[in-house]
Amino acid sequence: MLRIENLGKRFSGKAALAAVTADIADGSFVGVIGRSGAGKSTLLRCINRLVDPSEGRIVFEGKTVTELRGQALRDWRSSCGMIFQQFNLAGRLDVLTNVLMGRINSMSLLPTLLKAWPEAEKLRALAALERLDLGELAGQRAESLSGGQQQRVAIARTLVQNPRIILADEPVASLDPRNTQIVMNALRDLNREKGITVLCNLHSIELSRSYCSRLLGMREGCIVFDGPPEELTPSVIDDLYGFEANDVMDTAEASAQYRKDISALQSAA
(Lines give C-alpha, C1' and ligand atoms only; values in the text may rest on other atoms or scores of the structure.)
Protein backbone atom coordinates (compact mmCIF):
# COMPACT_ATOMS: atom_id res chain seq x y z
CA MET A 1 0.00 0.00 0.00
CA LEU A 2 1.08 3.55 -0.80
CA ARG A 3 0.36 5.87 2.11
CA ILE A 4 0.37 9.67 1.79
CA GLU A 5 0.34 11.42 5.16
CA ASN A 6 -0.32 15.15 5.62
CA LEU A 7 1.65 15.99 2.51
CA GLY A 8 2.31 19.64 1.85
CA LYS A 9 4.29 21.53 -0.78
CA ARG A 10 4.94 25.24 -1.03
CA PHE A 11 6.44 27.17 -3.93
CA SER A 12 7.71 30.63 -3.01
CA GLY A 13 5.50 30.57 0.05
CA LYS A 14 2.37 29.58 -1.85
CA ALA A 15 0.79 26.24 -0.96
CA ALA A 16 0.45 23.84 -3.90
CA LEU A 17 -0.47 20.94 -1.59
CA ALA A 18 -1.98 21.21 1.88
CA ALA A 19 -2.28 18.27 4.31
CA VAL A 20 -2.99 15.72 1.58
CA THR A 21 -3.70 12.30 3.08
CA ALA A 22 -4.69 9.16 1.17
CA ASP A 23 -4.07 5.41 1.11
CA ILE A 24 -3.68 3.86 -2.35
CA ALA A 25 -4.33 0.12 -2.36
CA ASP A 26 -2.09 -2.22 -4.34
CA GLY A 27 -3.47 -2.99 -7.79
CA SER A 28 -5.99 -0.15 -7.82
CA PHE A 29 -6.66 2.30 -10.66
CA VAL A 30 -7.14 5.71 -9.08
CA GLY A 31 -7.98 8.88 -10.96
CA VAL A 32 -6.99 12.32 -9.70
CA ILE A 33 -9.28 15.06 -10.96
CA GLY A 34 -9.70 18.78 -10.48
CA ARG A 35 -9.20 22.04 -12.32
CA SER A 36 -5.80 23.27 -13.48
CA GLY A 37 -3.69 24.43 -10.54
CA ALA A 38 -5.48 22.18 -8.06
CA GLY A 39 -2.25 20.35 -7.19
CA LYS A 40 -2.67 17.15 -9.22
CA SER A 41 0.70 17.23 -10.97
CA THR A 42 2.50 18.36 -7.83
CA LEU A 43 1.06 15.39 -5.96
CA LEU A 44 2.36 12.88 -8.51
CA ARG A 45 5.74 14.58 -8.70
CA CYS A 46 6.05 14.46 -4.91
CA ILE A 47 5.25 10.74 -4.91
CA ASN A 48 7.95 10.12 -7.55
CA ARG A 49 10.28 12.52 -5.68
CA LEU A 50 10.80 14.71 -8.72
CA VAL A 51 9.68 17.38 -6.25
CA ASP A 52 10.46 17.21 -2.54
CA PRO A 53 7.46 17.90 -0.29
CA SER A 54 7.67 20.69 2.27
CA GLU A 55 6.05 18.60 4.98
CA GLY A 56 4.40 15.26 5.56
CA ARG A 57 5.61 11.91 4.35
CA ILE A 58 5.02 9.14 1.81
CA VAL A 59 5.32 5.50 2.88
CA PHE A 60 5.34 2.40 0.69
CA GLU A 61 5.38 -1.04 2.31
CA GLY A 62 6.99 0.31 5.45
CA LYS A 63 9.65 2.35 3.56
CA THR A 64 9.54 6.11 4.02
CA VAL A 65 9.87 7.36 0.46
CA THR A 66 10.37 10.98 1.51
CA GLU A 67 13.61 10.03 3.30
CA LEU A 68 15.24 8.15 0.41
CA ARG A 69 18.53 9.35 -1.02
CA GLY A 70 21.09 8.17 -3.59
CA GLN A 71 20.65 4.69 -5.01
CA ALA A 72 17.62 4.02 -2.81
CA LEU A 73 15.87 7.00 -4.39
CA ARG A 74 16.83 5.87 -7.89
CA ASP A 75 15.45 2.42 -7.10
CA TRP A 76 12.19 3.99 -5.94
CA ARG A 77 11.84 5.96 -9.15
CA SER A 78 12.33 2.75 -11.11
CA SER A 79 9.57 1.01 -9.18
CA CYS A 80 7.33 4.08 -9.44
CA GLY A 81 7.28 4.85 -13.16
CA MET A 82 6.24 8.29 -14.40
CA ILE A 83 4.36 8.99 -17.64
CA PHE A 84 4.17 12.61 -18.76
CA GLN A 85 1.75 14.55 -20.94
CA GLN A 86 4.50 15.48 -23.42
CA PHE A 87 5.97 11.94 -23.66
CA ASN A 88 9.57 13.01 -22.76
CA LEU A 89 11.15 10.90 -25.51
CA ALA A 90 14.45 11.56 -27.27
CA GLY A 91 13.02 12.33 -30.70
CA ARG A 92 16.19 11.67 -32.70
CA LEU A 93 16.76 8.26 -31.14
CA ASP A 94 14.98 5.16 -32.35
CA VAL A 95 12.01 3.74 -30.49
CA LEU A 96 13.90 0.73 -29.10
CA THR A 97 16.63 2.93 -27.58
CA ASN A 98 14.01 5.17 -25.98
CA VAL A 99 12.45 2.14 -24.31
CA LEU A 100 15.86 0.84 -23.20
CA MET A 101 16.40 4.11 -21.35
CA GLY A 102 13.98 2.74 -18.78
CA ARG A 103 16.61 0.12 -17.87
CA ILE A 104 19.46 2.55 -17.11
CA ASN A 105 19.10 2.17 -13.35
CA SER A 106 19.52 -1.61 -13.68
CA MET A 107 22.67 -1.48 -15.83
CA SER A 108 26.29 -0.41 -15.42
CA LEU A 109 27.22 3.00 -16.78
CA LEU A 110 29.63 2.04 -19.59
CA PRO A 111 27.26 -0.10 -21.73
CA THR A 112 24.66 2.64 -21.38
CA LEU A 113 27.03 5.37 -22.57
CA LEU A 114 28.20 3.23 -25.48
CA LYS A 115 24.66 2.07 -26.25
CA ALA A 116 26.03 -1.46 -26.10
CA TRP A 117 22.78 -2.90 -24.83
CA PRO A 118 22.89 -6.57 -23.77
CA GLU A 119 20.76 -8.84 -25.92
CA ALA A 120 18.57 -9.75 -22.95
CA GLU A 121 17.74 -6.07 -22.43
CA LYS A 122 16.88 -5.62 -26.10
CA LEU A 123 14.53 -8.59 -25.94
CA ARG A 124 12.90 -7.14 -22.82
CA ALA A 125 12.34 -3.81 -24.57
CA LEU A 126 11.00 -5.50 -27.71
CA ALA A 127 8.58 -7.54 -25.61
CA ALA A 128 7.26 -4.33 -24.02
CA LEU A 129 6.81 -2.77 -27.46
CA GLU A 130 5.04 -5.88 -28.77
CA ARG A 131 2.68 -5.76 -25.82
CA LEU A 132 1.69 -2.25 -26.92
CA ASP A 133 1.49 -3.20 -30.63
CA LEU A 134 4.61 -1.21 -31.48
CA GLY A 135 7.15 -3.93 -32.22
CA GLU A 136 7.32 -3.14 -35.93
CA LEU A 137 8.26 0.48 -35.13
CA ALA A 138 11.30 -0.37 -32.97
CA GLY A 139 13.81 0.96 -35.51
CA GLN A 140 12.01 4.21 -36.34
CA ARG A 141 12.97 7.56 -34.87
CA ALA A 142 10.62 8.50 -32.06
CA GLU A 143 9.88 11.91 -33.56
CA SER A 144 8.40 10.24 -36.66
CA LEU A 145 5.59 8.63 -34.64
CA SER A 146 2.12 10.00 -33.96
CA GLY A 147 1.32 11.41 -30.53
CA GLY A 148 -0.54 8.27 -29.51
CA GLN A 149 2.32 6.05 -30.63
CA GLN A 150 4.83 8.18 -28.75
CA GLN A 151 2.79 7.92 -25.57
CA ARG A 152 2.68 4.14 -25.93
CA VAL A 153 6.46 4.16 -26.32
CA ALA A 154 6.63 6.11 -23.07
CA ILE A 155 4.44 3.47 -21.42
CA ALA A 156 6.73 0.71 -22.78
CA ARG A 157 9.73 2.58 -21.36
CA THR A 158 8.02 2.61 -17.97
CA LEU A 159 7.01 -1.03 -18.29
CA VAL A 160 10.61 -2.26 -18.66
CA GLN A 161 11.35 -0.69 -15.28
CA ASN A 162 9.18 -3.43 -13.73
CA PRO A 163 7.20 -0.79 -11.83
CA ARG A 164 4.95 -1.50 -8.90
CA ILE A 165 3.19 1.82 -9.49
CA ILE A 166 2.58 3.92 -12.61
CA LEU A 167 2.03 7.66 -12.16
CA ALA A 168 0.42 9.11 -15.29
CA ASP A 169 0.27 12.91 -15.42
CA GLU A 170 -2.43 13.89 -17.93
CA PRO A 171 -1.25 11.13 -20.31
CA VAL A 172 -3.94 11.78 -22.94
CA ALA A 173 -4.33 15.55 -22.75
CA SER A 174 -2.70 16.15 -26.16
CA LEU A 175 -4.18 13.12 -27.98
CA ASP A 176 -7.13 12.73 -30.33
CA PRO A 177 -10.12 10.64 -29.14
CA ARG A 178 -9.05 7.37 -30.75
CA ASN A 179 -5.48 7.53 -29.43
CA THR A 180 -6.88 8.55 -26.06
CA GLN A 181 -8.81 5.27 -25.92
CA ILE A 182 -5.78 3.24 -27.03
CA VAL A 183 -3.53 4.75 -24.36
CA MET A 184 -6.13 4.47 -21.60
CA ASN A 185 -6.86 0.87 -22.60
CA ALA A 186 -3.12 0.12 -22.37
CA LEU A 187 -2.97 1.51 -18.84
CA ARG A 188 -6.11 -0.39 -17.86
CA ASP A 189 -4.72 -3.66 -19.23
CA LEU A 190 -1.43 -3.24 -17.34
CA ASN A 191 -3.42 -2.59 -14.20
CA ARG A 192 -5.68 -5.62 -14.63
CA GLU A 193 -3.24 -8.14 -16.09
CA LYS A 194 -0.04 -7.27 -14.23
CA GLY A 195 -1.57 -5.84 -11.06
CA ILE A 196 0.30 -2.55 -11.42
CA THR A 197 -1.17 0.24 -9.33
CA VAL A 198 -2.09 3.22 -11.54
CA LEU A 199 -2.51 6.75 -10.25
CA CYS A 200 -3.64 8.91 -13.16
CA ASN A 201 -4.35 12.63 -13.47
CA LEU A 202 -7.25 13.15 -15.86
CA HIS A 203 -9.12 16.17 -17.16
CA SER A 204 -12.09 14.31 -18.64
CA ILE A 205 -14.85 13.28 -16.25
CA GLU A 206 -16.07 10.62 -18.67
CA LEU A 207 -12.63 9.01 -18.85
CA SER A 208 -12.40 9.10 -15.07
CA ARG A 209 -15.72 7.34 -14.71
CA SER A 210 -14.93 4.75 -17.37
CA TYR A 211 -11.46 3.65 -16.27
CA CYS A 212 -11.00 4.40 -12.57
CA SER A 213 -12.32 2.43 -9.64
CA ARG A 214 -11.72 5.36 -7.29
CA LEU A 215 -11.43 9.10 -7.74
CA LEU A 216 -9.60 11.73 -5.72
CA GLY A 217 -10.95 15.20 -6.36
CA MET A 218 -8.56 18.08 -5.61
CA ARG A 219 -9.19 21.76 -5.09
CA GLU A 220 -6.62 24.35 -4.01
CA GLY A 221 -4.10 21.70 -3.02
CA CYS A 222 -6.50 19.65 -0.91
CA ILE A 223 -8.41 16.41 -1.48
CA VAL A 224 -12.06 17.37 -1.19
CA PHE A 225 -13.58 14.24 -2.76
CA ASP A 226 -12.59 10.60 -2.30
CA GLY A 227 -14.92 7.93 -3.57
CA PRO A 228 -16.09 5.70 -6.41
CA PRO A 229 -17.05 7.23 -9.78
CA GLU A 230 -20.78 6.74 -9.19
CA GLU A 231 -20.60 9.20 -6.29
CA LEU A 232 -19.24 11.93 -8.55
CA THR A 233 -22.53 13.79 -8.86
CA PRO A 234 -23.06 17.04 -10.80
CA SER A 235 -22.99 18.96 -7.51
CA VAL A 236 -19.62 17.45 -6.60
CA ILE A 237 -18.28 18.27 -10.07
CA ASP A 238 -19.53 21.82 -9.73
CA ASP A 239 -17.83 22.08 -6.33
CA LEU A 240 -14.54 20.82 -7.80
CA TYR A 241 -14.49 22.81 -11.02
CA GLY A 242 -16.66 25.87 -10.44
CA PHE A 243 -17.17 27.82 -13.67
CA GLU A 244 -15.11 25.18 -15.54
CA ALA A 245 -17.64 22.44 -14.76
CA ASN A 246 -19.29 22.62 -18.17
CA ASP A 247 -15.92 22.18 -19.87
CA VAL A 248 -15.28 18.80 -18.23
CA MET A 249 -18.84 17.46 -18.39
CA ASP A 250 -19.71 16.12 -21.83
CA THR A 251 -23.18 16.62 -23.24
CA ALA A 252 -25.51 13.63 -23.23
CA GLU A 253 -24.95 13.18 -26.96
CA ALA A 254 -21.17 13.23 -26.61
CA SER A 255 -21.33 10.82 -23.68
CA ALA A 256 -23.46 8.38 -25.66
CA GLN A 257 -21.02 8.50 -28.59
CA TYR A 258 -18.10 8.08 -26.17
CA ARG A 259 -19.62 4.92 -24.67
CA LYS A 260 -20.34 3.63 -28.17
CA ASP A 261 -16.70 4.19 -29.17
CA ILE A 262 -15.45 2.39 -26.06
CA SER A 263 -17.73 -0.56 -26.75
CA ALA A 264 -16.49 -0.80 -30.34
CA LEU A 265 -12.84 -0.67 -29.27
CA GLN A 266 -13.36 -3.29 -26.59
CA SER A 267 -15.15 -5.58 -29.05
CA ALA A 268 -12.28 -5.24 -31.51
CA ALA A 269 -9.67 -6.00 -28.86
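The values are calculated or read from the model by the stated rules, or taken from the named source; none is laboratory data. The model shown is predicted, which means the values in this text are computed figures rather than measured ones. Virtual Cβ from ideal backbone geometry, glycine too; neighbours counted across all protein chains shown. In case anyone asks, the SASA skips ligands and DNA or RNA and just uses the protein heavy atoms, side chains included. Shrake-Rupley method; radii C 1.70, N 1.55, O 1.52, S 1.80 Å.
Quick one: in segment 108-126, of everything that is in contact with a Leu (Cβ under 9 Å, 6 or more places away or on another chain) and under 18 Å from Leu159 (Cβ atoms), which residue is modelled with the lowest pLDDT?
Trp117
I need the full set of residues from segment 188-206 which are of a type outside the set (S, T, N, Q) and open to solvent by less than 10 Å² (accessible area, probe 1.4 Å), in order please.
Result: Leu190, Ile196, Val198, Leu199, Cys200, Leu202, Ile205.
Identify, from the list Gln161, Gln150, the residue that is in a loop (DSSP other than H, G, I, E, B) and in contact (Cβ under 8 Å) with a residue 60 or more places away in the chain.
After ruling out the rest, the residue left standing is Gln161.
Return the pairs, sorted by first residue and then second, in which the second residue is surrounded by 14 or more Cβ atoms within 10 Å (Cβ to Cβ) and outside any loop (DSSP other than H, G, I, E, B), the first residue lies in segment 49-76 and is aromatic (Phe, Trp, Tyr), the beta carbons are less than 7 Å apart, and the residues are 6+ apart or on different chains.
Short answer, once both residue conditions are applied: Phe60/Leu2; Trp76/Val65.
For segment 59-73, enumerate the residues that are surrounded by 14 or more Cβ atoms within 10 Å (Cβ to Cβ) and not aliphatic (A, V, I, L, M).
Once the filter is applied, which keeps residues that are surrounded by 14 or more Cβ atoms within 10 Å (Cβ to Cβ) and not aliphatic (A, V, I, L, M), segment 59-73 yields Phe60, Thr66.
When only residues in segment 74-100 that are closer than 16 Å to Glu143 by Cα and assigned to a helix (DSSP H, G or I) count, which is most open to solvent (accessible area, probe 1.4 Å)?
So the residue we want is Leu96.
So which of Arg209, Arg141 is open to solvent by 10 Å² or more (accessible area, probe 1.4 Å) and modelled with pLDDT of 95 or more?
Arg141
Using the structure shown, decide if Arg178 is over 18 Å from the mean Cα position of the chain (by Cα) and in a loop (DSSP other than H, G, I, E, B).
It is false that Arg178 is over 18 Å from the mean Cα position of the chain (by Cα) and in a loop (DSSP other than H, G, I, E, B).
Given Ala256, Ala245, which one is outside any strand (DSSP E or B), at pLDDT below 90 and within 28 Å of Ile4 (Cα to Cα)?
After ruling out the rest, the residue left standing is Ala245.
Identify all residues within segment 1-58 that are outside any helix (DSSP H, G or I), open to solvent by 40 Å² or more (accessible area, probe 1.4 Å) and hydroxyl-bearing (Ser, Thr, Tyr); write none if there are none.
Answer for segment 1-58, where residues must be outside any helix (DSSP H, G or I), open to solvent by 40 Å² or more (accessible area, probe 1.4 Å) and hydroxyl-bearing (Ser, Thr, Tyr): Ser12, Thr21, Ser36, Ser54.
Can you spot a residue in segment 117-140 that is part of a helix (DSSP H, G or I), farther than 23 Å from Gln71 by Cα and in contact (Cβ under 8 Å) with a residue 40 or more places away in the chain?
Yes, because at least one residue in segment 117-140 is part of a helix (DSSP H, G or I), farther than 23 Å from Gln71 by Cα and in contact (Cβ under 8 Å) with a residue 40 or more places away in the chain.
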